[in-house]
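**Q** There's a structure below that I have some questions on.
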Amino acid sequence: MRKPHPEPKRRVSRPWVVPPGLLLLNEPFEGFNVLDETRSELGVLLWQSLRDVDLWSLARPEARAGLFSPGSLHRRSERIEHEIARDHPARPLLEAMTRLLAAPERVSEMEVSEVCEELSRWASDAGLPRTALAFAQRAALAAPDEAGPAYLVGLVSRRCADYRRAETWFRRTLALSRLNRDWRYYGLAHLGLANLHMQRGDAPRARVRLLRALRASRRYGLWSVRSLVLHDLFCITATGEHAEHAEMYARAAFRSYGRRHPRLPVLAHDVARYWMSRGHHARAMDTFRAVLPHLTRASDRLLAWANLAQAAGGSGDADAFNEAWGRVWRMVDSGSDLERVAEALINVACGAAALGQWVRQEMAASYALQVAKRRSEAQQRLKAEELLESARKAGMGRRDPEPPEPEPEFPEASGQLAEELVAALTEAWEG
């Protein structure tokens with residue numbers, strides 16, 4: 001008698017575990033970084049808003065009705081009215097936050113989270129990275145099951161060079177987005193992790209993440225994510241072994257973005273850097289100049305001027321280099337945010353080296369080295385050390401600068417891409 005076939009075992013799907021994000025900040029008490037970074041009446045109001053969100057987030061929904069003392073709304077509103085200018089961009093956000101005090105039991109998680117996100121973005125644009133991180137984390141605490149706020153924490157942490165924190169929040173974003181079937185943030189989380197790997201110099205792992213994000217963008221029709229992936233694939237290819245294929249991704253990203261996309265200036269800037277690395281300094285300078293009017297973030301403008309300085313040095317244009325040198329140092333001296341400062345000063349040092357300005361090369365490389373050490377940027381630290389050593393050797397030898405080498409012929413296809421990028425940027429600026 002034949003034995004009956006055993007019934008096939010059902011495949012049990014494993015639960016998707018959502019890992020926690022790193023929360024603790026290096027500060028003596030909650031919100032200290034905000035007070036220390038701003039040191040003004042605005043900072044005190046931001047700190048109070050931060051603590052209000054903490055209290056609201058930790059309270060049970062049924063206990064929120066009597067959370068704040070009577071009269072606190074009136075007192076806070078008066079301080080905002082008397083201390084913050086009416087045209088200050090943070091004022092409407094602080095006023096929106098006072099709704100917590102007015103009716104904390106009727107405010108939704110997403111309302112609180114969205115105001116915190118807006119405050120984080122404002123602080124980031126204002127060059128207040130620690131304040132941006134503090135409010136990004138509060139946005140994620142207010143809406144703990146949403147992938148968007150978690151992704152913002154990862155993004156801001158990466159900009160602050162807090163790579164360990166960034167990785168935990170990007171991984172949390174992956175889990176939340178998969179759980180909620182929020183495929184846009186699923187793709188963006190892979191992008192965030194890819195950029196972390198690129199900053200650590202691990203190109204193979206970065207490429208794996210980018211290809212996962214590209215597959216997700218195709219499967220779920222995430223065209224905005226696809227554009228970003230193609231852009232990052234260009235960046236990673238431009239610095240890899242097969243750099244000659246980079247422009248293929250650049251053209252694909254340009255087509256995907258379109259001529260009016262807000263990320264187009266960033267793509268054009270990255271393409272100009274690639275051309276500069278191939279010896280096409282004059283063409284890169286034209287593109288950097290077309291990009292500059294579109295950049296609003298301080299760190300983006302700093303890097304663009306630094307790249308312009310390097311291109312000017314490579315092409316032997318001392319006047320353009322001097323202008324860019326002054327612009328870069330004014331931005332470094334006036335800003336408190338160290339994001340991309342080491343990278344920018346390394347580029348300036350390269351421009352000075354090309355012109356034989358050894359003192360300026362040493363000055364820029366020396367400060368870049370200090371910043372790279374503070375931010376644990378290993379690649380920038382190595383580059384700064386090399387430039388510093390070569391500047392000192394050149395200065396001791398008192399050797400004259402070598403004349404710039406003739407630039408290689410610019411390929412016809414590259415010239416067409418350059419013209420299209422500059423034309424699109426010019427049209428967008430004039431329009």
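**Q** I need the full set of residues from region 202-229 which are open to solvent by less than 50 Å² (accessible area, probe 1.4 Å) and of a type in the set (Gly, Ala, Ser), in order please.
**A** Filtering region 202-229 for residues open to solvent by less than 50 Å² (accessible area, probe 1.4 Å) gives 202-203, 206, 209-210, 213-214, 216-217, 221-222, 225, 227-229.
Once the filter is applied, which keeps residues that are open to solvent by less than 50 Å² (accessible area, probe 1.4 Å) and of a type in the set (Gly, Ala, Ser), region 202-229 yields 203, 206, 213, 216, 217, 221, 227.
**Q** Moving on. Kindly indicate the residue of region 323-345 that is open to solvent by less than 10 Å² (accessible area, probe 1.4 Å) and not small (Gly, Ala, Ser) and also nearest to the chain's Cα centre (by Cα) among those meeting that condition.
**A** 341
**Q** Looking at this structure, is residue 58 hydrophobic (A, V, I, L, M, F, W, C) and open to solvent by 80 Å² or more (accessible area, probe 1.4 Å)?
**A** Yes, satisfied.
**Q** From 298, 268, grab the single residue that is closer than 30 Å to residue 126 by Cα and touching a Leu at 6+ places or on another chain (Cβ under 8 Å).
**A** 268
**Q** Would you pick out the residues in region 64-74 that are open to solvent by 50 Å² or more (accessible area, probe 1.4 Å) and over 23 Å from residue 142 (Cβ atoms)? Walk me through it before giving the result.
**A** Of all residues in region 64-74, those open to solvent by 50 Å² or more (accessible area, probe 1.4 Å) come to 65-66, 69-70, 73-74.
Those that are open to solvent by 50 Å² or more (accessible area, probe 1.4 Å) and over 23 Å from residue 142 (Cβ atoms): 70, 74.
**Q** Checking residue 273 against (1) open to solvent by less than 40 Å² (accessible area, probe 1.4 Å); (2) in contact (Cβ under 8 Å) with a residue 12 or more places away in the chain; (3) not hydroxyl-bearing (Ser, Thr, Tyr), which single condition isn't satisfied?
**A** Evaluating residue 273 over (1) open to solvent by less than 40 Å² (accessible area, probe 1.4 Å); (2) in contact (Cβ under 8 Å) with a residue 12 or more places away in the chain; (3) not hydroxyl-bearing (Ser, Thr, Tyr) leaves (1) as the failure.
**Q** Testing residue 73 on (1) of a type in the set (A, V, I, L, M); (2) in contact with a Pro (Cβ under 6 Å, 6 or more places away or on another chain); (3) free of Cβ contacts under 8 Å to residues at least 40 places away in the same chain, one condition comes back false. Which one is that?
**A** It is condition (2) that residue 73 fails.
**Q** Follow-up question, since we're still on this one. Out of region 255-266, which residues are within 15 Å of residue 426 (Cα to Cα) and either surrounded by 23 or more Cβ atoms within 10 Å (Cβ to Cβ) or over 21 Å from the mean Cα position of the chain (by Cα) (or both)?
**A** Those that are within 15 Å of residue 426 (Cα to Cα) and either surrounded by 23 or more Cβ atoms within 10 Å (Cβ to Cβ) or over 21 Å from the mean Cα position of the chain (by Cα) (or both): 258, 259, 265.
**Q** Hey, does region 178-201 have a residue that's touching a residue at least 24 places away in the same chain (Cβ under 8 Å), farther than 24 Å from residue 299 by Cα, open to solvent by less than 10 Å² (accessible area, probe 1.4 Å) and not hydrophobic (A, V, I, L, M, F, W, C)? Give the steps one after another, and end with the answer.
**A** Taking region 178-201 and keeping what is touching a residue at least 24 places away in the same chain (Cβ under 8 Å), we get 178-180, 182-196, 198-201.
After this cut, where a residue has to be farther than 24 Å from residue 299 by Cα as well, the list is 178-180, 182-187.
After this cut, where a residue has to be open to solvent by less than 10 Å² (accessible area, probe 1.4 Å) as well, the list is 187.
Remaining after also requiring not hydrophobic (A, V, I, L, M, F, W, C): 187.
Yes, because at least one residue in region 178-201 is touching a residue at least 24 places away in the same chain (Cβ under 8 Å), farther than 24 Å from residue 299 by Cα, open to solvent by less than 10 Å² (accessible area, probe 1.4 Å) and not hydrophobic (A, V, I, L, M, F, W, C).
**Q** Among the residues of region 293-322, which ones are under 28 Å from residue 129 (Cβ atoms), open to solvent by 30 Å² or more (accessible area, probe 1.4 Å) and either assigned to a helix (DSSP H, G or I) or acidic (Asp, Glu) (or both)?
**A** Correct list: 293, 294, 298, 300, 301, 310.
**Q** Any idea how many residues of region 132-149 are crowded, with 23+ Cβ neighbours inside 10 Å and either within 15 Å of the chain's Cα centre (by Cα) or among the acidic types (Asp, Glu) (or both)?
**A** 3
**Q** Just to check your reading of the model, which residue among 111, 83, 118 is surrounded by fewer than 17 Cβ atoms within 10 Å (Cβ to Cβ) and either under 30 Å from residue 334 (Cα atoms) or free of Cβ contacts under 8 Å to residues at least 12 places away in the same chain (or both)?
**A** Result of the check over 111, 83, 118: 83.
**Q** Please verify whether region 135-144 includes one or more residues that are within 22 Å of residue 187 (Cα to Cα) and outside any helix (DSSP H, G or I).
**A** There is at least one residue in region 135-144 that is within 22 Å of residue 187 (Cα to Cα) and outside any helix (DSSP H, G or I).
**Q** Filtering region 251-276 down to residues that are among the basic types (Lys, Arg) and in a loop (DSSP other than H, G, I, E, B), which residue is nearest to residue 295 (Cα to Cα)?
**A** Within region 251-276, the match that is nearest to residue 295 (Cα to Cα) is 263.
**Q** Give me the pairs, please: first residue somewhere in region 161-173 and at positive phi, second residue anywhere and modelled with pLDDT under 95 and buried (at least 22 other Cβ atoms within 10 Å of the Cβ), beta-carbon distance under 7 Å, and either six or more positions apart or on two chains.
**A** The qualifying pairs are 161/377.
**Q** Could you give every pair whose Cβ atoms fall below 6 Å, whose first residue belongs to region 283-297 and is at positive phi and without any contact (Cβ under 8 Å) to a residue 40 or more places away in the chain, and whose second residue is small (Gly, Ala, Ser) and open to solvent by less than 50 Å² (accessible area, probe 1.4 Å), counting only separations of at least 6 or pairs across chains?
**A** If the second residue must be small (Gly, Ala, Ser) and open to solvent by less than 50 Å² (accessible area, probe 1.4 Å), no pairs are left.
**Q** Still on this structure, please answer the following. Suppose we filter 119, 155, 128 for residues that are within 17 Å of residue 37 (Cα to Cα), modelled with pLDDT of 95 or more and aliphatic (A, V, I, L, M); which single one remains?
**A** One residue alone meets the criteria, 119.
**Q** Residue pairs, Cβ under 7 Å, 6 or more apart or interchain, first in region 372-396 and polar (S, T, N, Q), second in a loop (DSSP other than H, G, I, E, B) and at pLDDT below 90. List them.
**A** Close Cβ pairs (under 7 Å, with a partner that is in a loop (DSSP other than H, G, I, E, B) and at pLDDT below 90) amount to 376/161; 379/201.
The values are calculated or read from the model by the stated rules, or taken from the named source; none is laboratory data. Predicted model only: the values in this text are computed from it and were never measured. Don't worry about glycine lacking a Cβ; one is built from the backbone with ideal geometry, like all the others, and counts go over all protein chains shown. With ligands, DNA and RNA removed, areas are computed over all heavy atoms of the protein, side chains included. Shrake-Rupley method; radii C 1.70, N 1.55, O 1.52, S 1.80 Å.
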